[in-house]
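The values are calculated or read from the model by the stated rules, or taken from the named source; none is laboratory data. As the structure is a prediction and not an experimental result, all values here were calculated from the model. Note that we place each Cβ from the backbone using ideal geometry, even for glycine, and neighbour counts take in every protein chain shown.
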């Protein structure tokens, strides 16, 4: 079984100066988005903060929503989960990296602003967020699960990847943005709960097929 990624992390090639400009724009967009929200964010605000012409933004992104989603996605693309030897260790690394990014006020605030706008505009902004940000975060979980399956640590039927990703991402984002920073106790508890749930799911499947 291979869990195919829905999103390939291909970054657009470009010369160092172009990449530096794009990074500056993305950083400015996150700061403006966190401070003003999507509705009051404008391309003029971002261009002024980044020190570029407004036309420079429009050559890359057709609208402020496209720019806002890109700016947050660029940060999520930095989450790289290496092989730490076990699913629990891989998940811990991913959770800790996501929490680190969200502790940054501009990143956490920008993501929260996009979520709020998604609730107000589920067919417009919400669709773009699901197609870009959610897929990136699900890919982090899917990569860790596939690695665990490949090493024989878990069976494919023990894990519903999309459900697991929703639980992990939702829990981490809620803790980071609403109730406080995910600490070691939270991470340990979340991983143990997910492991228990996966094992229980596997046992139910075994009983249903008469293998136990």
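Please work out which residue is surrounded by the most Cβ atoms within 10 Å (Cβ to Cβ), limiting yourself to region 144-165 and to residues that are out of contact with any helix residue (DSSP H, G or I) (no Cβ under 8 Å at 6 or more places or on another chain) and part of a helix (DSSP H, G or I).
Taking region 144-165 and keeping what is out of contact with any helix residue (DSSP H, G or I) (no Cβ under 8 Å at 6 or more places or on another chain), we get 146, 150-152, 163.
If we keep only those that are part of a helix (DSSP H, G or I) too, we end up with 146, 150, 163.
Values: 146: 18, 150: 12, 163: 12.
Ranking the qualifying residues of region 144-165, first place goes to 146.
Cβ-Cβ distances below 6 Å connect the following pairs, each with a first residue in region 59-82 that is over 12 Å from residue 128 (Cβ atoms), a second residue that is outside any helix (DSSP H, G or I), and a separation of six or more residues or different chains: 77/9.
Conditions tested, residue by residue: (1) farther than 21 Å from residue 82 by Cα; (2) surrounded by 14 or more Cβ atoms within 10 Å (Cβ to Cβ).
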position	(1), (2)
125	yes, yes
128	yes, yes
137	no, yes
141	no, yes
184	no, no
193	yes, no
204	yes, no
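Among residues of region 74-99 being crowded, with 20+ Cβ neighbours inside 10 Å and assigned to a helix (DSSP H, G or I), the one that is modelled with the highest pLDDT is 75. Condition first: out of contact with any helix residue (DSSP H, G or I) (no Cβ under 6 Å at 6 or more places or on another chain), touching a residue at least 12 places away in the same chain (Cβ under 8 Å), assigned to a helix (DSSP H, G or I) and over 23 Å from residue 123 (Cα atoms). Can you find one or more residues in region 48-56 that meet it? Yes, there is a match, as at least one residue in region 48-56 is out of contact with any helix residue (DSSP H, G or I) (no Cβ under 6 Å at 6 or more places or on another chain), touching a residue at least 12 places away in the same chain (Cβ under 8 Å), assigned to a helix (DSSP H, G or I) and over 23 Å from residue 123 (Cα atoms).
Whether a residue is surrounded by fewer than 16 Cβ atoms within 10 Å (Cβ to Cβ), at pLDDT 85 or above and within 22 Å of the chain's Cα centre (by Cα) was assessed, and residue 180 does not pass this test. If I filter region 169-177 for residues that are modelled with pLDDT under 85 and exposed (fewer than 13 other Cβ atoms within 10 Å of the Cβ), do I get at least one hit? Checking region 169-177: at least one residue is modelled with pLDDT under 85 and exposed (fewer than 13 other Cβ atoms within 10 Å of the Cβ).
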